[in-house]
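K.L.:
Handing you a structure now.
Derivation of every value follows stated rules applied to the coordinates shown; laboratory data play no part. Keep in mind it's a predicted model, so treat the numbers as computed, not measured. Note that each Cβ is placed from the backbone with ideal geometry, even for glycine, and that neighbours are counted across all protein chains shown.
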Amino acid sequence: MIVLDNVHKRYKSRRGKAPWVLEGISLTIPSNVNVGLIGANGAGKSTLLRIIGGVDQPTKGRVERRCRVSWPMGFAGGLHDFLTGRQNAKFVARVHGHENDIKERVAYIDDFAELGDAFDKPVQTYSTGMRSRLQFAMSLAFSFDVYISDEVTAAGDAHFRQKSLNAFKELAGRAGLIMVSHGEGTLKQFCQAGIWLNEGRAHWFDRIDDALMAYRESIPK
Amino acid sequence: MRNSLTISFTVWRALLLREAIPRLFEHRAAWLWLVVEPVFHVVFLAFIFYGLRVRSVGGIDMVGWLMVGLIAFFLFSRTAVQAKNAIHMSRALYAYRQVLPIDTVLARGVLEMFLMTVIAVLLFAGAILLEFVALPVDPLLLMAAWLGLWLAGMGYGLMASVGTEISRELGNILQLLMMPLYFVSGVFFPVSVVPQPYRDILLMNPLTHGLEAARLGFVPHYHAIQELDLSYLYIFSLSAIFIGLLLQRRFKRKLRAL
């Protein structure tokens, strides 16, 4: 269960304080439900996702995670350019307390990312596709109660996309999921519930279809 | 669920191992430059002193005197600078909730202590073979000075890393501070020959006490400053660390926010 209590967020800008992105969001997200975040561009979907994942901090309010929550899957930061794929994988394994079975975890990442020799080359030599493969493999290597995903399934080439889609389906079956996607089909495929973000506030819907309908009705004709 | 202390320890270990690799290998022979920089300072200053026909300072060999002071100062300044930049340089790591800004400061500081100790042992082993210095006669005093200077660097780093994040201008000013410190800490002139009232002003700098104590640890008959007080360095450093920790706690949220 993840409890958001009166979460506010605004970013600093060069000209003083920017307007609120999130304005008083209070939600309780159960950990056994897959939730889709819906909203227009700039509605604060990614911001809310990052706050839930603990990457970013709310300006006001509080987030309480009563279960194990992943970092945003495929998050672009977090890789050190100079370190190799293996060294980065080891770091993440250590941070998550897998010192004892570090070999198995790293072997899993190596196997899933299919980087071959490049796994032992610095990340700065990777292509964008190779990076996202490594990042996706790293997020799958550790077990969480709730996974957080921001448009992640679109990474890599056709072969890898198929593979990651299968892995994602398997994940959605066994753990909770909070995801952002602009594809209605993807949302309907993976999510049961939905959160619609509008004007800094969140509206919870038990059924994703209702959330999508509310979103569609808000779009000016 | 793991408890907080276990998480902190695993994060420190992971950070330490992670930071060590780029520090030593990021640029071509980066590890060599870590050794070359203090050696260059020693050689350059020794050359000037030689030209000035200074062969000994305060009753000990000039080269040995320079070496102890410089390497001790480098321990402080490297720890301080590395720790100061830690929060900024590790921004990408806060994607992993377990990693707190203060963890990166501590990890970098500890790494610097470890590296500088190895470098110091290597350089002094060389200097002892070349007979610029003898084996330290009072190793306990030397270690106390070494630890005190490191703590001073940590105190500076814990405070400055927050300052840098709050205001970039403040960070620049704090960076500028390093050079005057090099000049007034008695790295290349003995503070004991400075006339009053200027000497009292120089003695307010805690680093001076650390450097003089380190020299005294090597050679007990060294003419150190009369007013030498290592506890002054410790009180100063521990106070700075305390204030630094308070700042880290006060701005915990802000430091992690993007």
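K.L.:
What helices (runs of 4 or more DSSP H), lying completely within the stretch B:159-258, carry at least 2 residues that are of a type outside the set (S, T, N, Q) and out of contact with any helix residue (DSSP H, G or I) (no Cβ under 7 Å at 6 or more places or on another chain)?
P.N.:
Values: elements: B:168-176, B:178-184, B:198-203, B:206-218, B:230-250, B:252-256.
Of the helices (runs of 4 or more DSSP H) lying wholly inside the stretch B:159-258, those with at least 2 residues that are of a type outside the set (S, T, N, Q) and out of contact with any helix residue (DSSP H, G or I) (no Cβ under 7 Å at 6 or more places or on another chain) span B:168-176, B:178-184, B:198-203, B:230-250, B:252-256.
K.L.:
Can you name the residue in the stretch A:62-111 that is aliphatic (A, V, I, L, M), surrounded by fewer than 20 Cβ atoms within 10 Å (Cβ to Cβ) and farther than 25 Å from A:V180 by Cβ and, of all such residues, is farthest from the other protein chains (Cβ to nearest Cβ)?
P.N.:
Of everything passing the filter in the stretch A:62-111, A:A107 is farthest from the other protein chains (Cβ to nearest Cβ).
K.L.:
B:P22 passes all but one of (1) closer than 16 Å to B:G153 by Cβ; (2) within 14 Å of chain A (Cβ to nearest Cβ); which number fails?
P.N.:
(1)
K.L.:
Hey, another quick one. All but one of (1) surrounded by fewer than 19 Cβ atoms within 10 Å (Cβ to Cβ); (2) out of contact with any strand residue (DSSP E or B) (no Cβ under 9 Å at 6 or more places or on another chain); (3) among the basic types (K, R) hold for B:R55; state the number of the condition that does not hold.
P.N.:
Of everything listed in (1) surrounded by fewer than 19 Cβ atoms within 10 Å (Cβ to Cβ); (2) out of contact with any strand residue (DSSP E or B) (no Cβ under 9 Å at 6 or more places or on another chain); (3) among the basic types (K, R), B:R55 misses just condition (2).
K.L.:
A follow-up question, please. Quick check on the stretch A:189-206: of everything there that is of a type outside the set (D, E, K, R) and under 16 Å from A:H8 (Cβ atoms), which residue is surrounded by the most Cβ atoms within 10 Å (Cβ to Cβ)?
P.N.:
A:L197
K.L.:
When B:A14 is evaluated against the numbered criteria (1) within 14 Å of chain A (Cβ to nearest Cβ); (2) touching a residue at least 24 places away in the same chain (Cβ under 8 Å); (3) crowded, with 19+ Cβ neighbours inside 10 Å, which criterion, by number, is the only one it fails?
P.N.:
Failing condition for B:A14: (2).
K.L.:
Across the stretch A:25-60, what is the number of residues that are in a strand (DSSP E or B) and within 11 Å of chain B (Cβ to nearest Cβ)? Working first, answer last.
P.N.:
From the stretch A:25-60, those in a strand (DSSP E or B) are A:25-29, A:34-38, A:60; that's our starting set.
From what's left, within 11 Å of chain B (Cβ to nearest Cβ): A:60.
Within the stretch A:25-60, residues that are in a strand (DSSP E or B) and within 11 Å of chain B (Cβ to nearest Cβ) number 1.
K.L.:
In addition: For the stretch B:92-112, check the following and say yes or no: at least one residue is in contact with a Leu (Cβ under 8 Å, 6 or more places away or on another chain), within 14 Å of another protein chain (Cβ to nearest Cβ) and surrounded by fewer than 18 Cβ atoms within 10 Å (Cβ to Cβ).
P.N.:
yes
K.L.:
Tell me the residue from B:L174, B:L233 that is more than 14 Å from chain A (Cβ to nearest Cβ), surrounded by fewer than 21 Cβ atoms within 10 Å (Cβ to Cβ) and either farther than 23 Å from B:L147 by Cβ or among the aliphatic types (A, V, I, L, M) (or both), please. I'd like the intermediate steps shown before the answer.
P.N.:
Working: B:L233 fails: surrounded by fewer than 21 Cβ atoms within 10 Å (Cβ to Cβ).
Answer to the selection: B:L174.
K.L.:
Moving on. Can you tell me how many residues in the stretch B:51-85 are part of a helix (DSSP H, G or I) and either of a type in the set (G, A, S) or within 14 Å of another protein chain (Cβ to nearest Cβ) (or both)? Steps first, answer last, please.
P.N.:
Within the stretch B:51-85, the first condition is being part of a helix (DSSP H, G or I), and the residues that meet it are B:51, B:62-85.
When the remaining residues are screened for being either of a type in the set (G, A, S) or within 14 Å of another protein chain (Cβ to nearest Cβ) (or both), the result is B:51, B:64, B:69, B:72, B:77, B:80, B:83.
Result for the stretch B:51-85: 7.
K.L.:
Here's something else I'd like to know. Can you find a residue that is in contact with a strand residue (DSSP E or B) (Cβ under 6 Å, 6 or more places away or on another chain), in a helix (DSSP H, G or I), over 26 Å from A:N88 (Cα atoms) and aliphatic (A, V, I, L, M) anywhere in the stretch B:86-98?
P.N.:
Step one: filter the stretch B:86-98 for residues in contact with a strand residue (DSSP E or B) (Cβ under 6 Å, 6 or more places away or on another chain), giving B:95-96.
Cutting the leftovers down to in a helix (DSSP H, G or I) gives us B:95.
Of the ones still in play, those that are also over 26 Å from A:N88 (Cα atoms) are none.
No, the stretch B:86-98 contains no residue that is in contact with a strand residue (DSSP E or B) (Cβ under 6 Å, 6 or more places away or on another chain), in a helix (DSSP H, G or I), over 26 Å from A:N88 (Cα atoms) and aliphatic (A, V, I, L, M).
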